């Protein structure tokens, strides 16, 4: 039995010291409310815009009347608190891209959201829009 404890004694002492050091580090972090692994220099906040109008991005001046459902979305952004505090609805935009619709009268499209630098889009709900072209005007003149 004695040989079992004396075999690899250096590794066993090192493992014990490492365990004690880890225990003290975690205990100190809990006492001082330090979040291990979290960036300490840049706090992240979130901000949500409800009832953000969905705009239509179209190519040319075809003159179509287009209906998009839903007409409004909820978008959540993340970033530094001071950047998000200065963010307004004018700084962000939700839109559907009709360029990919072509000549179809009905389609489903992804709702895209633009946000300025320093701000990250976290989520948008709903994510998909139903698009319906009500009337089709003359094609744009080609010169």
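Quick note: the coordinates plus some simple rules give every number you see, no bench work behind them. This one's a predicted model, so the numbers in the text were calculated from it and none came from an experiment. Note: ideal-geometry Cβ built from the backbone for every residue, glycine included; neighbour counts use all protein chains shown.
Here are the numbers:
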| item | result |
| --- | --- |
| Cα shape, region 45-135, gyration tensor, a/c 1.5 rule | prolate |
| Region 45-135 - percent relative contact order, Cα under 8 Å, separation 6 or more | 38 |
| Exposure proxy order (Cβ contacts within 10 Å, fewest to most) of 49, 77 | 49, 77 |
